[in-house]
Amino acid sequence: MALALGPEVLIADEPTTALDVTVQAQILELLAEIQADVDMGVVLITHDLAVAAEIADDLVVMYAGRVVESGATADVLGDPQHPYTQGLFQSVPSAERRGQDLPAIPGTPPDLMRLPSGCPFRPRCPHAHDRCVTERPALQPAPGELRFGACHLLDQPLSPEGAAR
Ligand code: SF4
């Protein structure tokens, strides 16, 4: 139905949620075929990083309703620069960390009606400092080609644990 009028952009909101991996692969393949056939843009909204990594040319990471990081998929996956993106990637299970505790981002997402002052990610961020309490970081160019991020420490290398890497 969404394709009936030949849209230039298709917004697919969690199209593979709750599907088994076989059907998920079929859906992603179908999307890619249709996209190529009709030269249509696809905005895929997903919580599944593996799906995003497989299908997306560019990634836009959102937190509390705002963009916190964006860039080419390979660049963002290879070198996440926002603390939230770093935390997300760290929390993906991997065979290399078998037997170890899975790192998780502490706390819970904020109530959108009562966002914390300053940076919305501040209560959960291992790098939060005084400026983060009073000033919400704007989305700005980040190191790298066509990268953008919203963090006061974008120009400083960060480790997920909170220390300089
Ligand atoms: S602005 Fe501050 S609290 Fe927000 S992500 Fe950056 S370091 Fe963390």
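Numbers for the structure displayed
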| item | result |
| --- | --- |
| Every residue from the stretch 66-83 that is touching a residue at least 24 places away in the same chain (Cβ under 8 Å) and either in a strand (DSSP E or B) or farther than 13 Å from LEU139 by Cβ (or both) | ARG66, VAL67, VAL68, GLU69, SER70, GLY71, ALA72, ASP75, VAL76, LEU77, ASP79, PRO83 |
| CYS132 outside any loop (DSSP other than H, G, I, E, B), near the ligand (Cβ under 8 Å from one of its atoms), in contact (Cβ under 8 Å) with a residue 12 or more places away in the chain and not acidic (Asp, Glu) | yes |
| Identity of the residue in the stretch 90-147, in contact with a strand residue (DSSP E or B) (Cβ under 7 Å, 6 or more places away or on another chain) and small (Gly, Ala, Ser), that ends up farthest from SER70 (Cα to Cα) | GLY144 |
| Every residue from the stretch 58-74 that is among the acidic types (Asp, Glu) and either within 13 Å of the ligand (Cβ to nearest atom) or over 12 Å from the mean Cα position of the chain (by Cα) (or both) | GLU69 |
| Residues of the stretch 8-37 satisfying the condition of being more than 21 Å from LEU49 (Cα to Cα) and either in contact with a Gly (Cβ under 6 Å, 6 or more places away or on another chain) or surrounded by 13 or more Cβ atoms within 10 Å (Cβ to Cβ) (or both) | VAL9, ILE34 |
| PRO109, sole failed condition from (1) within 19 Å of HIS47 (Cβ to Cβ); (2) within 13 Å of the ligand (Cβ to nearest atom); (3) not aliphatic (A, V, I, L, M) | (2) |
| Count of residues meeting criterion [in a helix (DSSP H, G or I) and surrounded by 15 or more Cβ atoms within 10 Å (Cβ to Cβ)] in the stretch 90-122 | 2 |
| Any hit, the stretch 21-34, residues being among the aliphatic types (A, V, I, L, M) and in a loop (DSSP other than H, G, I, E, B) | no |
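Bear in mind these aren't lab numbers, they're just calculated from the coordinates by the rules spelled out. Everything quoted here is computed from the prediction, not taken from an experiment. Every residue, glycine as well, gets a Cβ built from its backbone with ideal geometry; the counts of neighbours run over all protein chains shown.
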